[in-house]
Amino acid sequence: PADQCTTGPIQCCQSTQTAGSLLGTDPLGDLLSTLPSLDPTVLVGITCSPLNILGLGANSCSAQPVCCTNNTFNGVIAVGCTPVNLNL
């Protein structure tokens, strides 16, 4: 459930892909290659922004809501994502 996201704020990402599918691409793959020991099967959110689930109105997510463990690149890429079901 959305209220059980313990790894950080729920993010709204324009797309999600596995790290392996992005490695070797430019420039997103270059950013990912800087992370040590990156599992190629981990889900990566691309172009993400925080989502306020309490006031869904203007902050609703028309793309993929996810909960991610690492947002090192300030929303450009969020690593370790899990899809979130916002049907509250």
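The values are calculated or read from the model by the stated rules, or taken from the named source; none is laboratory data. Small disclaimer: the values here were computed from a predicted structure and weren't measured. In this analysis, Cβ positions are derived from the backbone assuming ideal geometry, glycine residues included, and neighbour counts consider all displayed protein chains.
Would you be able to say whether some residue in region 36-59 is among the polar types (S, T, N, Q), within 15 Å of Val79 (Cβ to Cβ), out of contact with any strand residue (DSSP E or B) (no Cβ under 8 Å at 6 or more places or on another chain) and modelled with pLDDT of 85 or more?
For region 36-59, residues among the polar types (S, T, N, Q), within 15 Å of Val79 (Cβ to Cβ), out of contact with any strand residue (DSSP E or B) (no Cβ under 8 Å at 6 or more places or on another chain) and modelled with pLDDT of 85 or more: absent.
Output the residue which, of all residues in region 60-71 that are over 13 Å from Ala19 (Cβ atoms) and surrounded by 13 or more Cβ atoms within 10 Å (Cβ to Cβ), is modelled with the lowest pLDDT.
Selected residue: Ser60.
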